[in-house]
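The values are calculated or read from the model by the stated rules, or taken from the named source; none is laboratory data. These figures come from a predicted structure and were not determined experimentally. Side chains included, ligands, DNA and RNA excluded: accessible areas come from the protein's heavy atoms. Shrake-Rupley method; radii C 1.70, N 1.55, O 1.52, S 1.80 Å.
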Amino acid sequence: MRRIVHIGSVVATTAAVIPALAAFSPAQVPAPADPGGSGGDTPPLIVEEITPKSIGANSTIRITGQVTNTTGGELDDVSVRFSYASYPFDERSDLDSFASGDSAAPGIKGASVELPDPLEPGESADYTLRADAGEMSLSSWGVYPMVVEALDGSGEDFGRQRTFLPYRGGGSAPASVDIAWVWPLMDRPHRADDNTFLDDSLPQSLGPQGRLGRLLTIGAQSDEVSLEPEDPGAENSPSPAAPTPSASASAAADAAPGAAGSAQAEDAAQPDSSTVPVTWAVDPGLLADVERLTSPYKVVEDPQAAAAAQESGAEDAEDDAGIPKESAEPSPQARIWLEQARAALADDSVAATPYASADIAALLRHGLSDDADAALSLGHQTVERVLERSADETVALPEGGLMNVDTREFYQRHGASTFLLRDAAMPAEDRVDHTPTAQAPLSLGKGEQGTALVADSGLAEVLRQDASGLGEAALAQQRFAAETAMIAGEDPGEPRTIVAYPPSDWDPGPEFARGLLEASRTLPWLEPVDLADVRPGGPASGEARQSLTYPKRGTRAELDGAYLDRIKDVRGRVRLFNSILVDGEDPFRPAILRLESAAWRREDDLSGPARALVQRSVERAMDKVHIIPTEPVTLASATGTIGILIANDLNNHPVRVNLSMLSGNPERLSIGNYQDSIEIGPNQKTTVYVQLSARVNGRTMIQMNLHNLSGEPVSEVQYLSVNATGMGSQALVISGIGALVLVAALAPRALRKWARNRSDGAAAAAEPGGTGEDGAGTGTGSADGDAQGAQASDPDAAVHHNEDRSADAAPTESDDGTGGADADR
């Protein structure tokens with residue numbers, strides 16, 4: 001239950017002096033802890049609004065909020081009051097000490113209101129406190145401590161909130177301070193390779209209630225920028241991105257009539273419809289991630305399991321080597337966000353980080369200057385492609401607002417002359433007793449001069465507040481008003497500029513973010529300016545700050561050598577892949593730069609899975625250029641021609657590779673000339689014809705591989721079995737020569753045998769009775785015939801027989817060739 005209780009103006013009558021305040025940590029305004037009652041997460045006391053943010057001598061302060069019984073029992077006679085001090089804070093550090101609760105509470109009691117009814121456990125009631133500034137004990141222009149308390153019937157407080165009350169009366173006001181806003185649109189890398197997202201958080205962040213969605217619509221400060229889906233029936237309804245009514249205007253509406261109403265009108269926002277100039281600080285890698293969501297993509301279901309699968313060397317699994325991925329449709333929210341971003345940033349100043357906020361300092365330190373160069377050039381190209389406009393290349397955004405000399409020279413080589421830094425990079429001189437102006441001269445060497453725009457760290461801590469819980473936005477806005485009022489109140493007598501530069505992962509509540517821009521426009525001591533219009537300060541601005549320094553914490557924060565060495569291993573495989581591409585492109589460069597993002601300084605849980613997924617993607621791309629396995633070949637003749645089929649399964653890149661073939665036994669099977677350098681278009685195949693020559697029958701293995709032009713292997717080795725079954729030509733020649741040798745060796749012996757046989761036949765014919773026409777000499781002839789038969793069947797016996805005869809018988813006429821001839825006749 002919630003009741004509403006109001007009370008009129010109450011005059012404070014008690015005075016007290018606030019004790020000296022000590023310095024403490026910045027910007028902490030803690031809500032009281034829940035005592036354990038039925039109030040759940042609701043604080044016992046909430047301050048919902050303080051109007052106006054600063055009060056003048058004739059103003060009426062109005063505090064509204066809610067009180068809740070978070071105890072287990074009924075609370076009677078509950079009252080709410082505020083108290084303040086009569087003296088303002090002396091130094092900015094006093095704000096931290098008071099907000100943290102380290103310093104004493106102020107003692108002057110202001111307005112109070114008592115609830116008419118008891119509060120049951122868990123019951124809430126609204127309250128409103130009002131007090132006239134003229135009747136409060138405020139001594140001079142400055143910031144005063146204030147505490148709002150909820151008290152029970154015994155006077156014990158059961159809830160309190162510390163806050164601040166800027167007062168602009170009691171004397172002359174200081175000179176206004178220019179404020180330049182830098183509005184970040186940044187995030188960590190969301191992709192591993194170009195098609196795979198590490199999680200599904202980015203589409204949610206782009207919605208109307210998401211972090212990036214809120215930053216875009218609130219920073220645009222236009223009703224025309226909306227992330228709500230188009231609804232033809234809601235054309236006349238207010239845009240959800242429209243800023244809330246100004247707190248000052250609300251105060252005027254609730255002001256009491258008469259003098260109080262006139263006083264409140266003084267504090268109402270001036271009828272100024274102009275917006276606060278902002279410079280958008282964008283990460284091109286984020287823009288590319290959002291653009292990729294506008295087409296189908298994949299999301300890794302379990303990034304840590306993906307890393308484990310890669311480390312274990314899982315292969316040939318059903319879905320990308322054991323890495324389950326969920327297919328996702330194009331995100332309509334991403335499309336709307338990009339359309340609205342193009343419109344919102346069209347006419348504003350835009351500065352860009354390197355692609356994916358690559359850790360330039362670490363890359364330069366570890367010899368990866370090529371990657372650093374690529375990060376900057378790819379970043380500018382991405383901004384132009386996605387936003388359809390260019391970023392200001394003269395403005396550099398070093399990571400964390402810190403840079404060493406190498407980083408400065410790197411940005412300078414790429415055209416930067418203005419550097420957006422944190423004050424740790426160029427601290428104020430110890431003798432300076434005020435907040436120096438943001439702009440300071442920066443030596444660029446060789447007589448060149450640049451400009452450092454130094455963001456105030458104290459203000460950055462104020463902006464870092466979450467302020468999304470109940471009542472936190474009002475207190476955070478008061479802290480912003482108090483912080484800037486203290487800066488203005490230092491008034492060193494010279495113009496100054498402060499740069500409001502939230503952290504890259506800024507996630508403000510919508511009410512807080514809108515209130516910051518409104519306060520920048522309506523607080524009388526602030527004058528909004530465009531960062532691009534901040535001019536270099538005079539000599540005095542340089543004297544107020546130390547020269548450029550790189551604190552040790554900057555070096556410690558960089559991506560370390562061990563991490564970058566693991567990235568180098570992936571880069572080595574990428575280099576090998578790039579070496580076969582004809583078009584000279586570097587398709588994995590964005591993925592490598594995402595692995596080198598400075599975001600992994602803070603969020604290391606996903607860096608390992610991202611690296612594993614990129615490495616796997618590179619290997620799969622390499623595998624798409626390959627030799628198609630061939631069935632064993634049978635060579636049926638001495639020579640033959642075979643075809644080797646090579647495939648390029650890449651979708652977008654032609655490749656050039658060298659085919660290498662090596663015979664396992666060159667003496668048995670030789671490989672002839674073939675076209676070893678081959679260019680293959682995307683999604684194409686080509687056949688290389690190779691002539692083989694077999695010297696000896698048998699099986700031989702041929703080793704085949706693809707190389708780049710430098711001879712480095714770029715594919716897995718393939719083996720082809722060749723079985724030669726026909727006689728080779730050389731073997732035939734050898735066999736023919738052997739036959740000739742055999743013939744030449746046997747021919748003389750055969751001729752001698754033939755000659756002897758002829759001689760024996762002639763001698764037999766010349767003997768008596770050898771050949772009678774009447775048949776005489778048959779017996780002798782028969783004996784001679786048997787002897788001839790014996791000689792014919794056994795040459796050696798024959799040879800042996802002729803030798804006996806030569807020895808035993810004297811030669812006769814019939815033994816020569818003539819006698820034999822006559823006998824034949």
For LYS753, LYS325, give the ranking by accessible area with the largest first, probe 1.4 Å.
LYS753, LYS325
Top to bottom by accessible area (1.4 Å), largest first, where do ASP283, ASP76 land?
ASP76, ASP283
In whole Hz, with x marking every Gly and Pro, tabulate ³J(HN,Hα) for region 640-647 from phi via Karplus 6.51 cos²θ - 1.76 cosθ + 1.60, θ = phi - 60°.
x, 10, 10, x, 9, 9, 10, 10
Under 29 Å from LYS624, Cα to Cα: lysines that are on another chain or at least 8 residues apart
LYS298, LYS325, LYS568, LYS685
Sort largest first and round to whole Å: the equivalent ellipsoid semi-axes of region 484-552, each the square root of five times a Cα gyration tensor eigenvalue.
25, 19, 12
How large is the accessible surface of VAL300 in square angstrom, using a 1.4 angstrom probe and rounding to the nearest 10?
10 Å²
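Over region 601-735, what percent of the accessible surface lies on carbon and sulfur atoms, probe 1.4 Å?
Working: 3150 of 6910 Å².
Taking all protein chains in place, region 601-735 shows 46 percent carbon and sulfur surface.
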Determine how large the accessible area of GLU91 is when every protein chain is in place; take a 1.4 Å probe and give Å² rounded to the nearest 10.
110 Å²
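Based on the Cα coordinates of region 592-675, what is the per residue volume of their convex hull in Å³? Please report the intermediate quantities before stating the final value.
Working: hull volume 13.2 nm³, N = 84.
Per-residue hull volume (Cα only) is 157 Å³.
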In terms of modelled amide H atoms, which long-range or inter-chain residues lie less than 5 Å from the amide H of GLU123?
ASN69
Order the following by accessible area, largest value first: ARG571, ARG408, ARG695, ARG464. Probe radius 1.4 Å; ligands, DNA and RNA are ignored.
ARG464, ARG695, ARG571, ARG408
Name the residues whose placed amide hydrogens come within less than 5 Å of the amide hydrogen of GLY65, ignoring near sequence neighbours (fewer than 5 apart) on the same chain.
GLU48, TYR127
Report ASP406's accessible area, 1.4 Å probe, all protein chains in place, as a number in Å² to the nearest 10.
90 Å²
